[in-house]
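First up is the structure itself, then whatever we jot down about it.
Every number here is computed from the coordinates shown, using simple stated rules; none is lab data. From a predicted model like this one, the values you see are computed outputs, not experimental measurements. Quick reminder, even Gly has a Cβ in these numbers, built from the backbone with ideal geometry, and neighbours come from all protein chains shown.
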Amino acid sequence: MKNKTGPDTNNKFMARGVFWVCRMFLLLAVLSASGCEYEGDMISLRNKKTAASPTINIGVVWPLTSTYKSFVNGVIMASDEINLSGGILGKKLKIYLKDDESSVTKGMVIADEMAADPEISAAVGFCDSYVTIPVSGIYDKAGILMITTSSVDPSYNSFKSPLLFRTTATAVDISCKIAELIDKLGFKNLSICYVTDNYGLSSANAFEDELQKLSISVVDRRSYSSGNAAEFKQITDCWKLLNFDCAVFFGYPSGGPQFIESIRREGILAPIFCGDTMNYPDFIKHVGQYSEGIIVTSLFNPLDISSAKKSKFVSEYKNRFGILPDTHSAQAYDAMKLLAEAIKRAGRAAPPDIAKALRSFKKEEGVVNNYEFDEKGEALNEKLILKIVKDKKFIYLDSTNETDLIKNILIKRK
């Protein structure tokens, strides 16, 4: 694959190397500074205490004031349903809700607090990959089962802990989906913009690897950190001088709308594809007039009520919260239900037994996916969905209509 020269393209492999070396030192530091005291006797004590506890104790860790705060609605709804139906093994489910504020430091403090409580069986949530990766070692060494519903960095659980699970797609899965559609649309040259953290870099690297397989060229690849106007202007000033068929953005709601507005204001009308982090309820409101034709990755379609379980969830969620559920609320709901079912099958809430039960699932029905897990705790058969903004509303795409719908909408935009 030929790549024209851009600041990030020239240094792609150096950036990867530095990034992974820094990550390795960070993880080693975390493992040595935190969690070591929880090995051995503490893990044995946890297995006994969780089994004997009068309640089933689950930690929920999430940035509670973030754009994705609907996650908590899914946790509340699932836990209420579980407790109203008699609990698990005759015990009530008790939730310890913690706000990590999207901060590594805060996330590690919370992990240490939970690790010190021998009655906590599992922890669920973990929105940001750059927080999830370093704290995962603490939960593992403390013997706590951990489920991330949102972090996509492929390096999660690189040390193959039997207690770590992921119920969402990885950056590789998401990149494959976007690249596949770009190839179907016949686009051969594109530009990439990504945020400089675990999520952005792992997504951009995975995406570029997929493009290489499809002989699609990267005209320019740019990263950003603060997401301010000056930073995005540097990118748009460069892109105005280049010819490309489409652009791909891996970033957050805190900078995404500004990026889209920046390139549209400069007259760059190329189609824009966004990763899953731009899949949030207020996306169209925040991007405004520039949202038309933007394509976003998702894992959940609330309008698809093809199964009785999904139909019931969507209906009851809307009745309770006044809005349709989104990906994060649905993933939270599924994670809590999966835990409850695994504990029920295990016959007790000891983390190793829960992990064994989770791995025994064969297409366990949820509202987002039918779940199975591989040896690394990765969910199999994740179904990724793409949606496009048309007339200030999202239109969900599938393999039968996606290329025609996108082409028609893009033609009208021109």
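Observations on the model:
- Over all orientations, the stretch 112-181 has a Cα convex hull whose mean projected area works out to 4.7 square nanometres.
- The alpha carbon convex hull volume per residue for the stretch 304-414 rounds to 135 Å³.
- Ranked by the mean number of other Cβ atoms within 10 Å of their residues, highest first, the peptides 330-341, 186-197 come out as 330-341, 186-197.
- Computed over the stretch 204-328, the quotient of the alpha carbon radius of gyration and 2.2 N^0.38 Å is 1.25.
- Tensor-based shape of the stretch 349-414 (alpha-carbon gyration tensor, a/c under 1.5 rounded, otherwise prolate or oblate): prolate
- For the chain, complete DSSP H runs whose alpha carbons reach 24 Å or more along their own long axis and whose mean Kyte-Doolittle score is 0.5 or higher are 12-33.
- Pairs from K69/K177; K177/K363; K69/K98 whose Cα-Cα separation, in the structure shown, is over 20 Å: K69/K177; K177/K363
- Among R359, R222, R320: highest mean-square fluctuation, GNM of the chain, C-alpha pairs under 10 Å: R320
- Two-decimal log10 I(q)/I(0) for the chain, as the Debye equation yields it once each C-alpha is a single scatterer, q = 0.07, 0.11, 0.12 Å⁻¹: -0.33, -0.82, -0.96
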